[in-house]
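The values are calculated or read from the model by the stated rules, or taken from the named source; none is laboratory data. Keep in mind that what you see is a predicted model, and the values were worked out from it rather than measured. Here Cβ is always computed from backbone atoms with ideal geometry, including for glycine, and neighbour counts include all displayed protein chains. Surface areas here come from the heavy atoms of the whole protein model, side chains and all, with no ligands, DNA or RNA. Shrake-Rupley method; radii C 1.70, N 1.55, O 1.52, S 1.80 Å.
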Amino acid sequence: MEANTRNLERIFDQTIAYQIPLFQRPYVWKETDNWQPLWDDIQLLMDKLLRDDKTHSHFLGAVVLEQVTNATGSIEARQVIDGQQRLTTLQLFLIAARDLCAELDEQKYLERFTDLTANKASRIDSDIESYKVWPTNSDRKAFVRLHAAGGPDGVVVEFLGKKGAARTGRNIPDAYLYFSEQLRKWFAGELLDDDIEGKTQEQHLEALWQVVRAHLQLVVIDLDKDDESQVIFETLNARGTQLLPGDLIKNYLFHKAKGTEKEIQTLYDACWNDFDDPGVKFWREEVTQGRVKRPRIDLFMQHYLTLHTQDDIRVAHIFNAFKFYAEHYQPKNGDERLLPDSPAKHLQALHNYGKVFRTFYEPEEKSRLAVFLQRLEAVDTATVYPFLLEASHTLAENHTEEFENILNWLESFLVRRMICGLTTKNYNRLFIELVKSAQTGGRIT
């Protein structure tokens with residue numbers, strides 16, 4: 001691999017497309033944690049330029065890129081292995097600056113910022129090649145709509161169908177609206193210190209341009225053909241809190257999946273799109289289950305793996321446990337299940353069980369399952385969920401009576417023990433043994 005420090009002009013001014021793979025997570029950066037700190041850093045540099053005619057450079061972090069094999073004559077492309085949130089945010093900021101220049105009728109600066117946000121039409125063969133950054137699947141429609149909206153008012157109308165709102169409730173357009181708002185306030189002098197007065201619009205634009213072109217820097221790590229991009233991705237992300245275990249599992253499976261880009265896209269649409277859907281925040285919403293508060297997708301993955309490995313899986317170990325399960329797991333004695341043996345089959349299984357898990361939070365009103373789940377909250381135990389997941393997956397649709405009998409049995413057992421004040425300490429092992437029994441045809445003693 002090769003690492004170099006690059007300013008934004010060097011990164012974006014060339015004819016290039018930075019492609020974010022479909023197995024990456026959606027755009028999740030937010031105002032308080034991400035956009036505001038970035039803006040504060042940018043404003044500090046611009047203020048210093050206006051005041052002193054010079055400023056220092058600011059390091060924004062690192063991105064990891066992998067060369068993409070191109071057809072002869074097509075534009076250069078890189079796949080973003082790590083740093084997609086940062087690159088996407090920078091593009092949204094640059095689009096906001098571009099639209100402001102258009103609004104101010106500053107053609108010189110409009111052309112400069114346009115060159116950092118879009119490849120020239122004369123150099124591309126398809127519409128998607130016009131974008132310097134091509135986001136992951138779930139963000140592409142929003143990014144394209146924003147790119148063409150022409151300004152903050154156009155963005156609000158595009159996403160809400162009306163004028164006057166400050167935000168849309170979606171991360172991609174809201175990041176753009178945040179930076180547009182801050183740029184306009186800065187140009188109007190609302191954010192400037194008292195010792196910076198009397199500066200012209202031209203001076204503001206030049207300060208903005210000089211900071212963007214020369215003083216915002218990234219370390220760009222280019223991988224060569226012998227570098228293990230998946231291993232690098234896991235090393236950079238698995239030890240932090242930036243990515244959920246589900247994001248790492250998604251990356252792992254789609255990286256391993258075989259097929260053309262169209263086939264991979266079809267697999268994504270069929271099996272993973274529901275987990276990523278930015279318009280439905282079900283999977284990333286944090287909920288409390290037992291003593292744990294985690295995003296729902298983490299809890300689902302934990303219960304799914306406990307069910308399929310017949311072992312007690314901790315949240316902190318989800319990704320490593322899944323990777324071992326996918327690569328090395330051998331069924332226990334007597335277990336005759338046909339376990340997934342390919343990335344596509346793993347994705348299909350996750351999709352199928354994910355639909356079942358979702359019914360636990362959206363059960364049919366007044367159904368036996370809804371009543372059971374309500375009473376399960378009073379019992380306050382989550383260890384039953386792996387067994388409940390399998391029972392519901394196997395029986396709920398075509399063997400309703402048998403499934404409801406199981407719910408009756410579970411409810412009676414749990415409520416009677418709660419009333420008697422008996423410990424729940426060994427419930428995890430008890431229900432794992434119940435899972436084993438159900439999967440092997442054995443009995444619990």
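Counting only protein heavy atoms and using a 1.4 Å probe, the accessible area of Met301 comes to about 0 Å². In order along the stretch 418-431, the Karplus-derived 3J(HN,Hα) couplings, from 6.51 cos²θ - 1.76 cosθ + 1.60 at θ = phi - 60°, round to 5, 4, 7, x, 7, 5, 9, 4, 9, 4, 4, 5, 4, 6 Hz, and Gly and Pro are given as x. Farthest toward the positive end of the dipole of the chain, out of Ile172, Leu307, Ala321, is the Cα of Leu307, where the dipole comes from beta carbon charges about the Cα centre. Cα axis of helix 385-395 to longest principal axis of the chain: angle in degrees, 0 to 90, nearest 10? Around 80 degrees separate the two axes.
Of Asp125, Asp41, which has the most accessible area and how do the rest follow, probe 1.4 Å?
On the way: Asp125 125, Asp41 50 Å².
Ranked from most to least accessible, the order is Asp125, Asp41.
For the chain, modelled as a GNM whose springs connect Cα atoms under 10 angstrom apart, the maximal fluctuation among Ala378, Ala396, Ala149 occurs at Ala378. Seen against the Cα atoms of the chain and their longest principal axis, helix 36-52 is set at about 10 degrees. Among the listed pairs Lys108/Lys132; Lys54/Lys185; Lys163/Lys185; Lys185/Lys293; Lys162/Lys281; Lys366/Lys436, a Cα-Cα separation exceeding 29 Å is found for Lys185/Lys293; Lys366/Lys436. Rounded to the nearest 20 debye, the dipole magnitude of the chain is 1340 debye, with +1 charges on Lys and Arg beta carbons, -1 on Asp and Glu beta carbons, and the Cα centre as origin. In this simple spin-label approximation, Thr266 and Leu430 carry label points 7 Å from Cα along the Cα→Cβ vector, and these lie 4.8 nm apart.
Measuring with a 1.4 angstrom probe and ignoring ligands and nucleic acids, Ser126 comes out at about 50 Å² accessible. Of the trypsin sites (Lys or Arg not before Pro) found in the stretch 1-76, those in coil by DSSP whose Cβ has at most 16 other Cβ atoms within 10 Å are Lys30, Lys54.
Accessible area per residue for the stretch 341-429, computed on protein heavy atoms with a 1.4 Å probe, is 58 Å².
With each run of n ≥ 4 DSSP H residues scored as -39500 (n - 2.57), what mean residue ellipticity at 222 nm is computed for the chain after dividing by its residue count and rounding to the nearest 500 deg cm²/dmol?
On the way: 19 runs with 237 residues, N = 445.
Rounded to the nearest 500, the figure is -16500 deg cm²/dmol.
Would you mind classifying the stretch 257-312 by shape? Square roots of the alpha carbon gyration tensor eigenvalues, ordered a ≥ b ≥ c; an a/c under 1.5 is rounded, otherwise it is prolate if a/b is larger than b/c and oblate if not. Taking the square roots of the gyration eigenvalues as a ≥ b ≥ c, the stretch 257-312 is oblate. When both the stretch 112-191 and the stretch 27-97 are represented by their alpha-carbon centers, they are found 14 Å apart. Hey, of [x] 131, 57, 39; [y] 82, 49, 37; [z] 129, 72, 47, which did the structure itself give for Cα extents along the principal axes in Å when calculated? This structure yields the entry labelled [y]. Of all aspartates and glutamates in the structure, the ones whose alpha carbon falls short of 18 Å from that of Lys345, not counting any fewer than 8 places away in one chain, are Asp247, Glu261, Glu263, Asp269, Asp274, Glu327, Glu336, Glu390.
Charge dipole of the stretch 337-406 (Cα centre as origin; +1 on each Lys and Arg Cβ, -1 on each Asp and Glu Cβ, all else neutral): 200 debye, rounded to the nearest 20.
In whole Å, what is the distance between the alpha-carbon centres of the stretch 336-366 and the stretch 244-320? Value for the Cα centre distance between the two parts: 11 Å.
Charges at C-beta only: +1 for Lys and Arg, -1 for Asp and Glu. How large is the resulting dipole of the stretch 57-134 about its Cα centre, in Debye rounded to 20?
Details: 8 positive and 12 negative charges, 40 e Å.
Dipole size: approximately 200 debye.
Projecting the Cα atoms of Gln374, Thr423, Ile406 onto the charge dipole of the stretch 359-424 (Cβ charges, centred on the Cα centre) puts Thr423 farthest toward the positive pole.
Using a 1.4 Å probe and counting only protein heavy atoms, arrange Cys271, Cys420 so the residue with the most accessible area comes first. Spell out each step's value before the answer.
On the way: Cys271 5, Cys420 95 Å².
Heavy-atom accessible area, descending, gives Cys420, Cys271.
Leaving ligands, DNA and RNA out of it, rank Glu129, Glu362 by accessible area with a 1.4 Å probe, largest first. Walk me through the intermediate numbers first.
Numbers: Glu129 35, Glu362 105 Å².
Sorted descending by solvent-accessible area, the residues read Glu362, Glu129.
Around the amide H of Leu216, modelled in the peptide plane, lie the amide H atoms of Leu8, His58, all under 5 Å away and 5 or more residues distant in sequence or on another chain. Counting only heavy atoms of the protein chains and using a 1.4 Å probe, Glu190 has close to 130 Å² of accessible surface.
Add +1 for every Lys or Arg and -1 for every Asp or Glu among the other residues with Cβ under 15 Å from the Cβ of Arg213, and state the total. Kindly include the intermediate steps, with their values, before the conclusion.
Details: positive: Arg6, Arg10, Lys54, Arg98, Lys108, Arg112, Lys132; negative: Glu9, Asp13, Glu111, Asp115, Glu206.
Within the 15 Å Cβ shell, the charges total +2.
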